[in-house]
Amino acid sequence: MNASEWKEKLSRVGESFSSAISGAASDNIAEVELQFLGRKGELALLLRDLGSFTIEEKKELGRLGNELKGRLVAALEAKKAELAARRACGTDSGKSRPDPAGRSAPGTDSGKSRPDPAGGGAKASAGLDLTLSGRPFPKGSLHPITQAMDRVTASLMKLGFSVAEGPHVEEDHFNFEALNFPADHPARDMQDTFYAGVKDASGKDMLLRTHTSPVQIRSMKGAALPLRIISPGRVFRSEAVDASHSFVFHQVEGLYVDRSVSMADLRWTLDAFIKDLFGSSARVRFAPTYFPFVEPGAQVEISCVFCGGTSHSSVHLGPQSGCSGKSERCPICKGTGWLEMLGAGMVHPNVLKACGHDPEKWSGFAFGAGVERFAMLLFGIKDMRMFYENDLRVWKQL
Amino acid sequence: MKILYSWLCDFIETPPPAEELPGKFARLGLGVESAGRSGAAVTGVVVGRIDKIDRHPNADKLSLVDVSDGAATMRVVCGAKNIAVGQLIPFARVGAVLAEGELKKAKIRGVESEGMICSAGELGLEGYDNSGILVLDPSAPLGADARALFAPPEQRASGSSSARRHVALPDWVFELEITPNLSYCLSHYALARELCVFYGLKFREPVLTELPKSAGTVAPVSVTDPCLCPRYTAVVMKGLEGAKTPDWMAARLRAMGSNPKGNLLIDVSNYVMYELGQPTHCFDLANLAGPEIKVRPSSDGESMKALDGIELRLAAGTLVIADREKPVALAGVMGGFYSSVADTTDSVLIESASFAQSAVRASSRKSGIKSESSYRFERGTDIELTMKAARRIAGLLLEAVPSAGVEQVSDNFPEPPRLPVVAADPARINAILGTAMTDEKIFACLKAIQPELSPEKPWQFTPPSYRRDIENVQDLAEEAARYNGYDLIPSASSMPVMPASSTPLAEAEAELRGRLAALGFSEVYNYDLVPLKDFRNCLLDETQAVELLNPLSSDYQYLRVSLLPGLLRTLRYNLNRGRTSVAVFETGTVYHKTKDGRKEERVCAGLTYGPFPEEQHWRGGSEMSDFYHLKGVMQAVFGGRRGFRFEKPKHRPAFLQEGAALVMKLGAGEAGVLGLADPMAVINSDLKDTQVYYFEITLSSLAESWKGSFRDRVPQVKPVSSYPAAWRDLSVLVDDKREWAEMEKDLFSLPDLARLDLIDVYKGKGVPEGQRSLTLRFTFSAMERTMTDADVNSRMEKALKKLEASFGAKLRG
């Protein structure tokens, strides 16, 4: 027998021990011990064969043999402890059987892994403290806005909306002009704009997009219709930062253009979307509002997802009005029963024209929602600034 | 805009209760920001006169005042400092109801007080100085209801001359957010009209003074470009010196948040603007050279001192009002200093004009002046309103100074504007809304807005002059929905099914995020806008960066070129809050200036610092994160991607330490870099410990690999042998310079090698200097048979030979 044959035998001993111990039960654990680790056990016999090897070989092979012995002893002790624990829990039938979970004792898994030197099994006794903490595994987290955005995107994709993207540093044409914000129109005052020190091809200062709506234009211009897209992304407005304002925030824009699209389609789509997000009891209502790129325009409110929209007074009159004075007011919807969630409307004919489509033939709807608001509602975040503080004490909770 | 309920009621025959208005406003798209009561139900307060003031015997700061209400004299205790004998003051008798409640008889420092002298606040008036008592106009009738002085005169019915005063208190104040399309609602009059049109209420037109048609011409008016000023109405009045603002008008202006000056010639313009929505201006006729009015573009080099005293240099072509010599007002924005009215003004020229929106917006922007006037003109005013507003002003002036004379009434209105005619097809309106309204229902709405609409089909809808926002059938559809309520729109659809897809970039990003989070990294968001010091700290080139032209502050002046500075900030933020372990990543956009604009790139970057995993455990097992830890993370992130490998960088990657950085490749392209963050950048970012490991992945390269065929994106399974495998360890000594990756690559050519693990790397005792000991574990497996000892031996011999021959390795004894 040369050294490598000996090693091979040694590894076989390890393997057969591992299958024997995994099926061992309290009634035959002693036999297993005797078979492998007894004075005339397999390992002892193999070690006796070392006598015929050179000094160097003896050193190496002896070390390997002793290592295996250590592993076998440890595994055996662990098994004994396990059986003792099972007996204590009454789950041990006392009969030997194959391990249902296919577990194997440490150190014998085809000889590849090594026993855990701190192996708790070996040290554990019948008095296991099961309340000790389990091994920690690294736990990361996704940013709440990512999570909110992912939910919104997934929901809308179910309704046949494809994702479209656009740049952050945008041309005036896409951000305003083509969206029916003519130059010198007061509607431009509605969105405080950052201008960037670079110019577009026509020599105009470029700007940081103030909404995700330019992606409407980029997607529609020269494109084949029908078209159904969403555009999630980051937008910028020159506003001072406080608990409910940020100069950087996120929107999701939706657009559907086809022949004879109506506002009823829009309402159905938002209904389906909101029900998917907040459950089938969520309701949607429309009120008139203004965005230059839609006509008619609608502000979309959803029934309060926290109080279930139980309060139905249409508009609240403030603390002096005496309305709902003593009943508990929902802090999220302030007792109105409704939450402002989206802006929407029918694509303005000027927008279709700017994209080269005939508004007599095509019509469409568009909608947009702020993702921060959704994330704040979802996770109970009270202050916008938290989104960019990145306090891991908070993020690790997500 | 603020709206007073009482003022609104001036124009509605039977106004709805204030409590119903917020709902009614919201239904029309008028955002209600706040609604609250103003004032209080005050009764029992009369006009009194202070006859005598004595010192309080027991208190230095109190006085004993004799107040007469015309019938009796009462002694009251008063703490105000602004009292004087002869003043008329609001006097509350015992039993009066004030803003705070009922007034009771009281002893103050031992002296009985038979009433109280009130401040404006106690009378329920808003916007007044409440530090002392309210001093009334000397003309107020003694003994009269003091609160009534502050109630506006009831609109006079035409023909009747009696001006009853009504006291509609408490009042309500609504703060409305009015979007640009509804700017025709920027006044009490217009808002009342809107409520009447949409809720079927009876509208009451303001009563306007008839002006003499035969008045002459004192100051001729000329307009050079009627496109910029389509209408200019001017009224000249004389004999107005000392005209004072009545209390009721001042009270309303104060409640609107305006600050009345007391001079009626100034205050009346604001009052009429809030009432009718038409901005006007009064010039002092004495200071108009000519006198003459020229509406013209400014010429080169002209300047004007504005009302607020600031000298304005006018850009050539700015629309101005000029007299014979010089500009006297920035048209529609602000009046000039020299022609403004003062307390000594006797004659005025009242300007009530219509200016082009773009002209006013341009002057407002160029001059940097924003006024209530420019706000309204920019949004468009009703051209039919100029004469009404002029007559209203004249009427208010005549009411205050009945002896004043009207010397000129002129109206430059060469061409009435052409209004669009919109084909109001009910089928189209229903198609837009997805509704099935009857023709009658739609007609009722259109007719409410335009009473002159003929029922004959096809309906040709000409909007009224104030509705310049209505241009097409979509606009009419919105009106129909507003009229009937948006709830009319059903939730019903026959939208066809469409396939939905994401983009390679979005998919690559989502996968990367998910994997990093699963490996213990927390996702963070940082701002795209960064300070200059970020570049300096991280040794980045700021000349490549896009700078904002109008940053909020120097902290947010540039667009970021890298995610590293933000991540270091996140690290510092968390270390400062007691954390010892930070593993974070961010996916975001970085920006670079290019020759023809800018380039944006999506990047995923992250860093790790401190023990990993961060939780300490009773069994131990947490280690300081290091290069190999991050390398392992990257291996896991890219696991299964075809063509992924690490390579040594040809140049040192920016912000990574030389010799401690690797490049990650995907196929031919570079996917990113990882390594020890440049200690200089770390130290510059106010961090002490430089053991920060950083990675950066270019998402476009990842997305590129997503674009390949479907088959390339999904890992393909290789079969495994059903025969037992055999393993063998081998320890060798090799020169330090020999790299493991080379050996690994070489050894992989061994037949039947299923795995090769490097299980130990050792330097130190027993290993010669400049060398290291590597222990390799070979696992062999053949598909068709069990590996025999002889198989394994021959392969291990080959392995050793390869190592000896190619890498100078020696078997370790």
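The values are calculated or read from the model by the stated rules, or taken from the named source; none is laboratory data. What you see is a predicted model, and the numbers here were worked out from it, not measured in a lab. Backbone-built Cβ (ideal geometry, glycine too); neighbour counts: all protein chains shown.
If you take the residues in segment A:287-297 that are of a type in the set (A, V, I, L, M, F, W, C) and touching a residue at least 24 places away in the same chain (Cβ under 8 Å), which one is farthest from the other protein chains (Cβ to nearest Cβ)?
The selected residue is A:Phe293.
Any chance you could count how many residues in segment B:743-784 are basic (Lys, Arg) and within 17 Å of B:Glu804 (Cβ to Cβ)?
Selection size over segment B:743-784: 2.
Among the residues of segment A:285-339, write down those that are farther than 30 Å from A:Leu255 by Cα, among the charged types (D, E, K, R) and either at pLDDT 85 or above or exposed (fewer than 15 other Cβ atoms within 10 Å of the Cβ) (or both).
Those that are farther than 30 Å from A:Leu255 by Cα, among the charged types (D, E, K, R) and either at pLDDT 85 or above or exposed (fewer than 15 other Cβ atoms within 10 Å of the Cβ) (or both): A:Lys326, A:Glu328.
Looking only at segment B:590-640, which residues are closer than 30 Å to A:Lys199 by Cα and free of Cβ contacts under 8 Å to residues at least 12 places away in the same chain?
Once the filter is applied, which keeps residues that are closer than 30 Å to A:Lys199 by Cα and free of Cβ contacts under 8 Å to residues at least 12 places away in the same chain, segment B:590-640 yields B:Thr594, B:Lys595, B:Asp596, B:Gly597, B:Lys599, B:Glu600.
Which ones in segment B:195-227 are touching an Asp or Glu at 6+ places or on another chain (Cβ under 9 Å), assigned to a loop (DSSP other than H, G, I, E, B) and closer than 20 Å to B:Arg482 by Cβ?
Of everything in segment B:195-227, those that are touching an Asp or Glu at 6+ places or on another chain (Cβ under 9 Å), assigned to a loop (DSSP other than H, G, I, E, B) and closer than 20 Å to B:Arg482 by Cβ turn out to be B:Leu201, B:Lys202.
Looking only at residues that are of a type in the set (Gly, Ala, Ser) and touching a Gly at 6+ places or on another chain (Cβ under 7 Å) in segment B:609-644, which one is farthest from the other protein chains (Cβ to nearest Cβ)?
So the first thing to find is which residues in segment B:609-644 are of a type in the set (Gly, Ala, Ser), and the list is B:610, B:620-622, B:625, B:632, B:636, B:639-640, B:643.
Pick out the ones that are also touching a Gly at 6+ places or on another chain (Cβ under 7 Å) and you get B:625, B:643.
Details: B:Ser625: 10, B:Gly643: 25 Å.
My answer is B:Gly643.
Does B:Ala72 count as assigned by TED's automatic domain parsing to the domain that holds B:Val47, free of Cβ contacts under 8 Å to residues at least 24 places away in the same chain and out of contact with any strand residue (DSSP E or B) (no Cβ under 7 Å at 6 or more places or on another chain)?
Taking the combined requirement at face value, the residue satisfies it.
Quick one: which of B:Ile321, B:Ile369, B:Ile350, B:Ile310 is surrounded by fewer than 18 Cβ atoms within 10 Å (Cβ to Cβ) and of a type outside the set (Gly, Ala, Ser)?
B:Ile310
Is at least one residue of segment B:534-544 facing chain A (nearest Cβ under 10 Å) and either modelled with pLDDT of 95 or more or within 26 Å of A:Arg209 (Cβ to Cβ) (or both)?
Checked segment B:534-544: no residue is facing chain A (nearest Cβ under 10 Å) and either modelled with pLDDT of 95 or more or within 26 Å of A:Arg209 (Cβ to Cβ) (or both).
Would a scan of segment B:565-574 turn up a residue that is within 10 Å of another protein chain (Cβ to nearest Cβ), part of a helix (DSSP H, G or I) and either basic (Lys, Arg) or touching a His at 6+ places or on another chain (Cβ under 6 Å) (or both)?
yes
Just to be sure, is B:Lys104 of a type in the set (Lys, Arg) and away from chain A (no Cβ under 14 Å)?
It is true that B:Lys104 is of a type in the set (Lys, Arg) and away from chain A (no Cβ under 14 Å).
Can you run down the residue pairs with Cβ atoms below 8 Å, 6 or more apart or on separate chains, where the first is in segment B:38-52 and crowded, with 21+ Cβ neighbours inside 10 Å and the partner is among the basic types (Lys, Arg) and modelled with pLDDT under 80?
Once the first residue is crowded, with 21+ Cβ neighbours inside 10 Å and sits in segment B:38-52, its partners that are among the basic types (Lys, Arg) and modelled with pLDDT under 80 give B:Val42/B:Arg147; B:Val45/B:Arg147.
Within segment A:328-359, take every residue that is free of Cβ contacts under 8 Å to residues at least 60 places away in the same chain, in a loop (DSSP other than H, G, I, E, B) and among the small types (Gly, Ala, Ser) and give me the one that is farthest from A:Ala224 (Cα to Cα).
For segment A:328-359, the residue satisfying everything is A:Gly335.
Got a sec? Which of B:Ser187, B:Ser162, B:Ser183 is away from every other protein chain (no Cβ under 11 Å) and either at pLDDT 95 or above or under 23 Å from A:Pro288 (Cα atoms) (or both)?
Answer to the check: B:Ser187.
Could you look through segment A:175-187, keep only residues that are out of contact with any Phe, Trp or Tyr (no Cβ under 6 Å at 6 or more places or on another chain) and within 13 Å of another protein chain (Cβ to nearest Cβ), and pick out the one that is surrounded by the most Cβ atoms within 10 Å (Cβ to Cβ)?
A:Phe181
What about B:Arg482, is it within 31 Å of the chain's Cα centre (by Cα) and either of a type in the set (D, E, K, R) or within 9 Å of another protein chain (Cβ to nearest Cβ) (or both)?
Answer is yes for this residue.
Give the number of residues within segment A:154-170 that are part of a loop (DSSP other than H, G, I, E, B) and at the interface with chain B (Cβ under 9 Å from one of its Cβ atoms). Before the answer, list the steps.
Filtering segment A:154-170 for residues part of a loop (DSSP other than H, G, I, E, B) gives A:159-161, A:164-168.
From the residues that got through so far, the ones that are at the interface with chain B (Cβ under 9 Å from one of its Cβ atoms) too are A:159-161, A:164-165, A:167-168.
Qualifying residue count for the region: 7.
So A:Arg151 fits all but one of (1) surrounded by fewer than 17 Cβ atoms within 10 Å (Cβ to Cβ); (2) under 13 Å from the mean Cα position of the chain (by Cα); (3) at the interface with chain B (Cβ under 9 Å from one of its Cβ atoms); what number is the exception?
(3)
Based on this model, can you work out whether B:Gly606 counts as away from every other protein chain (no Cβ under 14 Å), out of contact with any Cys (no Cβ under 8 Å at 6 or more places or on another chain) and either surrounded by fewer than 17 Cβ atoms within 10 Å (Cβ to Cβ) or in a strand (DSSP E or B) (or both)?
Here the answer is no, as B:Gly606 does not meet what is asked.
How many residues does segment B:205-236 hold that are within 27 Å of B:Ala190 (Cα to Cα) and among the aliphatic types (A, V, I, L, M)?
7
Please list, ordered by first then second residue, the pairs with beta carbon atoms under 7 Å, 6 or more apart or interchain, first in segment B:8-37 and more than 10 Å from B:Leu195 (Cβ to Cβ) and facing chain A (nearest Cβ under 9 Å), second basic (Lys, Arg) and assigned to a helix (DSSP H, G or I).
B:Gly29/B:Arg482
So which residues in segment B:626-660 are assigned to a strand (DSSP E or B) and either closer than 27 Å to B:Asp689 by Cα or not basic (Lys, Arg) (or both)? Break it down stepwise before answering.
Of the residues in segment B:626-660, the ones assigned to a strand (DSSP E or B) are B:644-647, B:656-660.
Passing the criteria: B:Phe644, B:Phe646, B:Glu647, B:Leu656, B:Gln657, B:Glu658, B:Gly659, B:Ala660.
Restricting to segment B:790-813, give me the number of residues that are within 12 Å of chain A (Cβ to nearest Cβ) and in contact with a strand residue (DSSP E or B) (Cβ under 8 Å, 6 or more places away or on another chain).
6
Among the candidates B:Arg560, B:Arg598, single out the residue that is charged (D, E, K, R) and within 9 Å of chain A (Cβ to nearest Cβ).
Exactly one of B:Arg560, B:Arg598 is charged (D, E, K, R) and within 9 Å of chain A (Cβ to nearest Cβ), namely B:Arg598.
Only residues in segment B:502-520 that are more than 9 Å from every other protein chain (Cβ to nearest Cβ) count as the first member; pair them with residues that are assigned to a helix (DSSP H, G or I) and among the acidic types (Asp, Glu), Cβ under 9 angstrom, at least 6 apart or cross-chain, and list the lot.
Filtered contacts from segment B:502-520: B:Pro504/B:Glu704; B:Ala508/B:Glu704.
For segment B:771-809, what are the residues that are more than 21 Å from B:Asp760 (Cβ to Cβ) and in contact with a Leu (Cβ under 7 Å, 6 or more places away or on another chain)?
Of everything in segment B:771-809, just one residue is more than 21 Å from B:Asp760 (Cβ to Cβ) and in contact with a Leu (Cβ under 7 Å, 6 or more places away or on another chain), namely B:Lys798.
Rundown of residues vs (1) crowded, with 16+ Cβ neighbours inside 10 Å; (2) under 25 Å from A:Pro167 (Cα atoms); (3) not β-branched (Val, Ile, Thr), yes/no style:
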{"site": "B:Ile489", "(1), (2), (3)": "yes, no, no"}
{"site": "B:Ala500", "(1), (2), (3)": "yes, yes, yes"}
{"site": "B:Val524", "(1), (2), (3)": "yes, yes, no"}
{"site": "B:Leu540", "(1), (2), (3)": "yes, yes, yes"}
{"site": "B:Leu549", "(1), (2), (3)": "no, yes, yes"}
